[in-house]
Each structure stands twice: as structure tokens, then as C-alpha cells.
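A.B. asks: Got a structure for you, questions after.
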Amino acid sequence: MDEVIGWTARRAVAELRAGEVRPSELVEASLARIADVDGAVNALPTVVGERALDRARGLEETARVTGTEVDRGWLGGLPLAIKDLTDVAGVRTTRGSTLFADRVPETSDLLVERLESKGGIVVAKSNTPEFGNGAHTTNEVFGATRNPWDTTRSPGGSSGGATAALTTGQVWLAQGTDVGGSLRTPASFCGVVGLRPTPGRVVRGPGGNPFDDVNVSGPMGRTVGDVALGLDAMAGVDRRDPMSLPVPDRAYVDVVDHAEPPRRLAFTPDLDGYTTVDPEVVVICRSAVARLAALGTDVVEASPDTTGLHEAYHLLRARLQADFGEVIGDRLDETNADVQWNVGHGRDLTGADQARGRRLRAEVYARWVAFLDDVDLLALPAAIVPPPSLETRSLSSYRGMDFATYIDWVKITFLATTVASPALVVPVGVTASGLPVGLQLVGPPRREDVVLAAGAVLEADLGLDPRPIDPRGPMP
């Protein structure tokens, strides 16, 4: 079982395809690993073992457990985790809030439908802050998730449960969500790979605002190849999702298997002073980019013009939270301070504010695509600091820069959201104290293949060990 837990998702699917392992065996291995290690990290508070085993046995009895090369995104019995913001039929889905502590949806999200149709098996729901608000994963229903590299530290948020589960080998693939780094910050803090795709690349709904282009779901795994497999399973058109995009002609796993170094890449440590970044993080990220230069990539130090980015992002987020406030209704005072601030900000939004936000976003986007005329993609740190302590819900200031709101310390992630571009986080090293650091690769709109290819080349050259770890106590 230890060997199975150490497999990549692609290796596990290959073994399923060859008939060397049964879906029920993988589910049993996952459940055993959850029982062994999750008590130390609290990543997967809702485990659905019987449901998972029933589905695994069903695959074994009624469906083929071997695939063909044309089965893009075929998972064939692979266990995975779904974030506790996303509905799974018949499974408790709390959204991290006491308002929904006993909620059990009757239908699944479109993404869950798609994953299960490809043979994915949901074994657990991953922890999240209340309604996904926060860059640290804690809530009043299940408590805090801890970082496996040092259990006194944060795994980030809001997809911290997903990344902690991956890091410890409880699942092979996980789903995360991202508005302002909710998938990318935890990937950096836990040393895994995470992709924020272009809005519409991954289906979602029904319900909520179907035309929202800010909040997206994306795949998370321990390798770039695993994330490519996850994206192949997630991507596709569904007419119930008006934003959904067609599947590209080329499979994402084929992209990473035949990846070449990017032609030209821009690196910025801080978006030209837009934020401040820990010097050790900068050194590690710069060193990783230098590896691409050694492979033939023309690396330039440059940043897109971020004028108006901060206000544009905050107005986008406020619009999203105004929609979300309708879900909470008159029970806002029963939520935490972060949720109250977000919804209050959204409810205060005027029509003029929304118009200004659209104009500023259009200006930022125009400068971004002009920037991409000269480079293939942009590389920058995924987080401004290594994982902070569990007690640090947010940073109010760092290295002489004040952060006006509780989310501004993760504003290095705001660009990709605002310009609707894919962003991949790849682990690129650890600090002197042994804490992970991730590099963020932001590519042209709708070009997940560009960031996945660059990430695959970098991952192969760095040669970091992707195998799961046991939860560790405080670093010396």
C-alpha cells in the first residue's frame, strides 16, 4: 500500500488501465492513508468511504477498467478529493459555515458529474475557510487545517485542505477553487502543483451566477503531468454552463509529454513594486527561472504595467461577493468577520463602481496582451512569504508595505484573475528552514498548454521529489 500511495496520478491511472490494480484497491489504500495521517493535518474532514467503495465496485462489475488512447481524461477508478464548497450528491457539503453545517445536496455540481463520468471516485471533501474567504484554511465547523511540512504552520487557503491531502498522499488528485489565489497560495505553501485555468475551461454550476468569470475550479496534483490529466478530465462544454469552452484538439497530457522550453519568458520578483516579497523566496524563484535560461529560454526581467490592477480586482471581487450575499440573506451576522467584510463591500457597490471596474479591467487587459507580444509567459513568485504560522490569518504589513485589507497580502495572484489568464504554480525549492516555495507561471488567455509545457520542462530539470510525506512537527 505504501508503494501505491507514492504513485503519481498518471501512474495510478496507467495501472488501472492495464488491469494491474482495481479501483476498490485504490479506494482502500486512500482510506487507509486518510486514517493514518489526516488526524495530524485535518485536510479531509468529511470522508465518504462506503460511497467510494460502492462506486469502485460498480466500476469493476459493470464498466471496463481498461481504457484506450482516445479516452482523454479517463480516470477509471482514481480516488480524488472535492472541495467543501462544491456539491456532491448525497454528501455533506458545509461550505465551511455553521449556516450549512448539516447541508446534504441532492445533486452534484457539473464538475463532479464530469469527473465521475470519467471514472473519478470522490473519497472525501477537503477543508476550506468559511465560504472560501481567506488565505488560511480554518472554519467553525471543522477547525484549522495544518501544513504537512510543519504542522504549526498554515497550508494557505482557501484550498488548503486539498493541498494538505495531496502532500500527505491521501489522494492522487484534488479539485481546488480560485478567486484571488485560493488555489495558488496553498499550492506554493504545500509544495504541490495547482492550475487556475481560464474562466470557462472547467465546467461548473448549475446555480449561482453562471456568467461569473472570476471564480474558477482547477486541478491540483503532485506533478505537472497529474494536473494535466486532471484538466483533461475536467475540461469540456456543457450547455448548462454558458461560459464553458470546447475541449482543445490536443490533450494536455500530450502537451506535457512533449514539452519544450518556452521561447521567451519574463520574470518579475514583485510586479515592479506592486507588492513586496521575501528575499529568500525571490532568490529561489529567480534560480528556478535561470534553469529555463540554461535550457535555451530567453529570460528577460520585465513586468506588465499594473496601473489600476488593484482597484479593478477589488471591484471584481466585490461584484462576486454581492452575488454571494444573496445566498446568505439576513444571516450575515452569523458568519465570520472576513465574510461580513466581503459581503458588505459587495452590497455597497454602485452601478458607477461596477462601470469603473469594467473600464479599469479592460485597460489592464489591453496592457497585458500587449506585454505578451514580446514574451510567451510571465513568471513570478506564487506567494510573497513562506508558510506563516497557523495563528496568522493574514498579514497587515510586510517589509515596509501595509496591506489595507485582509486579502491584500496575496495580491501577487490578482493579475491572472483580472486578465482571465491561466496560471500554474510549480514547486521550485524550499527555504533554509525547509518550507516550500512555488513559482507562478501566467500565460496567454485560453492557453493552458503554454503554462503546462513550461511547468513540465522546469519540473523535469529541477528533479524535485513529488512523493508524499508524513506530517512533520515544527521545523528546528
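A.B. asks: Do you know which residues across the range 204-255 are among the basic types (Lys, Arg) and surrounded by fewer than 23 Cβ atoms within 10 Å (Cβ to Cβ)?
C.D. replies: 239, 240, 250
A.B. asks: In the range 372-400, how many are buried (at least 17 other Cβ atoms within 10 Å of the Cβ) and over 29 Å from residue 41 (Cβ atoms)?
C.D. replies: Qualifying residue count for the region: 6.
A.B. asks: Same structure, new question: I'd like to know if the range 327-338 contains one or more residues that are among the β-branched types (Val, Ile, Thr), touching a helix residue (DSSP H, G or I) at 6+ places or on another chain (Cβ under 9 Å) and within 22 Å of residue 394 (Cα to Cα).
C.D. replies: To start, the set of residues in the range 327-338 that are among the β-branched types (Val, Ile, Thr) comprises 327-328, 335.
Now restrict to residues that are touching a helix residue (DSSP H, G or I) at 6+ places or on another chain (Cβ under 9 Å): 327-328, 335.
Now restrict to residues that are within 22 Å of residue 394 (Cα to Cα): 335.
The answer is yes, given that some residue of the range 327-338 is among the β-branched types (Val, Ile, Thr), touching a helix residue (DSSP H, G or I) at 6+ places or on another chain (Cβ under 9 Å) and within 22 Å of residue 394 (Cα to Cα).
A.B. asks: Restricting to the range 406-420, count the residues that are among the β-branched types (Val, Ile, Thr) and assigned to a loop (DSSP other than H, G, I, E, B). Break it down into steps so the answer makes sense when it comes.
C.D. replies: Looking only at the range 406-420, we keep the residues that are among the β-branched types (Val, Ile, Thr), and these are 407, 410, 412-413, 417-419.
Pick out the ones that are also assigned to a loop (DSSP other than H, G, I, E, B) and you get 407, 419.
Of the residues in that region, 2 qualify.
A.B. asks: Can you tell me which residue is farthest from the chain's Cα centre (by Cα) among those in the range 421-447 that are farther than 22 Å from residue 296 by Cβ and outside any loop (DSSP other than H, G, I, E, B)? Lay out the reasoning, then the answer.
C.D. replies: Going residue by residue through the range 421-447, those that are farther than 22 Å from residue 296 by Cβ are 421-423, 425, 427, 430-438, 445-446.
Add one more test, that the residue is outside any loop (DSSP other than H, G, I, E, B), and what stays is 423, 425, 427, 430, 436-438.
Numbers: 423: 10, 425: 8, 427: 13, 430: 20, 436: 16, 437: 15, 438: 12 Å.
The qualifying residue farthest from the chain's Cα centre (by Cα) is 430.
A.B. asks: Of the conditions (1) aliphatic (A, V, I, L, M); (2) buried (at least 22 other Cβ atoms within 10 Å of the Cβ); (3) modelled with pLDDT of 95 or more, residue 101 clears all except one; give me its number.
C.D. replies: Every listed condition holds for residue 101 apart from (2).
A.B. asks: Moving on. Of 360, 395, 378, which residue is at pLDDT 95 or above, out of contact with any helix residue (DSSP H, G or I) (no Cβ under 7 Å at 6 or more places or on another chain) and not acidic (Asp, Glu)?
C.D. replies: 378
Each row is one residue, and each column tells you yes or no for (1) among the aliphatic types (A, V, I, L, M); (2) under 29 Å from residue 200 (Cβ atoms); (3) in contact (Cβ under 8 Å) with a residue 40 or more places away in the chain.
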site	(1), (2), (3)
407	yes, yes, yes
421	no, yes, yes
430	yes, no, yes
434	no, no, yes
456	yes, yes, yes
469	yes, no, yes
475	yes, no, yes
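A.B. asks: Looking at (1) assigned to a loop (DSSP other than H, G, I, E, B); (2) without any contact (Cβ under 8 Å) to a residue 60 or more places away in the chain; (3) not aromatic (Phe, Trp, Tyr), which is the only condition residue 181 fails?
C.D. replies: (2)
A.B. asks: Could you check residue 116 against (1) in a loop (DSSP other than H, G, I, E, B); (2) under 18 Å from residue 56 (Cβ atoms) and say which number it fails?
C.D. replies: Condition not satisfied by residue 116: (1).
A.B. asks: Hey, any hits in the range 154-174 for a residue that's surrounded by fewer than 24 Cβ atoms within 10 Å (Cβ to Cβ) and of a type outside the set (A, V, I, L, M)?
C.D. replies: From the range 154-174, those surrounded by fewer than 24 Cβ atoms within 10 Å (Cβ to Cβ) are none; that's our starting set.
No.
A.B. asks: OK, next. Has the range 171-187 got at least one residue that is hydroxyl-bearing (Ser, Thr, Tyr) and over 10 Å from the mean Cα position of the chain (by Cα)?
C.D. replies: no
A.B. asks: Do we have any residue at all in the range 46-59 that's closer than 24 Å to residue 26 by Cα, buried (at least 17 other Cβ atoms within 10 Å of the Cβ), without any contact (Cβ under 8 Å) to a residue 40 or more places away in the chain and more than 23 Å from the chain's Cα centre (by Cα)?
C.D. replies: Yes, that holds for at least one residue.
A.B. asks: Further question on the same structure: Mind checking which pairs have a first residue in the range 349-368 that is in contact (Cβ under 8 Å) with a residue 12 or more places away in the chain and more than 17 Å from residue 212 (Cα to Cα) and a second that is charged (D, E, K, R) and part of a helix (DSSP H, G or I), Cβ under 7 Å, 6 or more apart or different chains?
C.D. replies: Between residues of the range 349-368 that are in contact (Cβ under 8 Å) with a residue 12 or more places away in the chain and more than 17 Å from residue 212 (Cα to Cα) and residues that are charged (D, E, K, R) and part of a helix (DSSP H, G or I), the close pairs are 360/311.
A.B. asks: Can you find a residue that is at positive phi and either modelled with pLDDT of 95 or more or under 19 Å from the mean Cα position of the chain (by Cα) (or both) anywhere in the range 401-418?
C.D. replies: The answer is no; no qualifying residue exists.
A.B. asks: Right, next: Which condition number in (1) at positive phi; (2) of a type outside the set (Lys, Arg); (3) surrounded by fewer than 17 Cβ atoms within 10 Å (Cβ to Cβ) is the one that residue 96 fails?
C.D. replies: Unmet for residue 96, out of (1) at positive phi; (2) of a type outside the set (Lys, Arg); (3) surrounded by fewer than 17 Cβ atoms within 10 Å (Cβ to Cβ): (3).
The values are calculated or read from the model by the stated rules, or taken from the named source; none is laboratory data. As the structure is a prediction and not an experimental result, all values here were calculated from the model. Every residue, glycine as well, gets a Cβ built from its backbone with ideal geometry; the counts of neighbours run over all protein chains shown.
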